[in-house]
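The values are calculated or read from the model by the stated rules, or taken from the named source; none is laboratory data. Quantities reported herein were computed from a predicted structural model and do not represent experimental measurements. Cβ placement follows ideal geometry from the backbone for every residue including glycine, while neighbour counts extend to all protein chains displayed. The area values use the complete protein model at the heavy-atom level, side chains included, leaving out ligands, DNA and RNA. Shrake-Rupley method; radii C 1.70, N 1.55, O 1.52, S 1.80 Å.
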Amino acid sequence: VSKFSKGTSVNDVSTFVDNALRYGKITPNGPGGHVIEYDAGKVIGVSISGIPTSKIKVNVRNGVIQTAFPY
C-alpha cells in the first residue's frame, strides 16, 4: 500500500490534488473516467513498493475525485 509521508496534513493532500488536476497528465480511463498523474517536485510519500516518491495519481469518474495516492 502506498502512503503519504508522516506529518502530511489534509491541506497538503488537497494542494497535491489541486496541482495534479491543474497541471498533471490526464489519461482517459473508461466511460466518464480519467487518471491524472503529477510530479509534485518533492517527496510526498512512498510508493506501493515502499520507495520514496514525488508522484501522485488521482482517479476521477464523472467529475468526482474517487481516490488520490502517491505512486
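What's the number of the only condition in (1) under 13 Å from the mean Cα position of the chain (by Cα); (2) exposed (fewer than 11 other Cβ atoms within 10 Å of the Cβ) that Gly63 fails to meet?
Condition not satisfied by Gly63: (1).
When you scan the stretch 14-34, how many residues do you find that are open to solvent by less than 70 Å² (accessible area, probe 1.4 Å) and within 16 Å of Pro70 (Cβ to Cβ)?
Qualifying residue count for the region: 8.
Every residue in the stretch 16-51 that is within 14 Å of Lys3 (Cα to Cα) and either free of Cβ contacts under 8 Å to residues at least 12 places away in the same chain or within 10 Å of the chain's Cα centre (by Cα) (or both), please.
Phe16, Ile44, Ser49, Gly50, Ile51, listed by residue number.
Can you name the residue in the stretch 1-13 that is of a type in the set (Gly, Ala, Ser) and touching a residue at least 12 places away in the same chain (Cβ under 8 Å) and, of all such residues, is surrounded by the fewest Cβ atoms within 10 Å (Cβ to Cβ)?
Residue satisfying both the conditions and the ranking: Ser5.
Please enumerate the residues belonging to the stretch 1-37 that are in contact with a Phe, Trp or Tyr (Cβ under 9 Å, 6 or more places away or on another chain) and over 18 Å from Arg61 (Cβ atoms).
Val1, Ser2, Lys3, Phe4, Thr8, Asp12, Val13, Phe16, Asn19, Arg22, Tyr23
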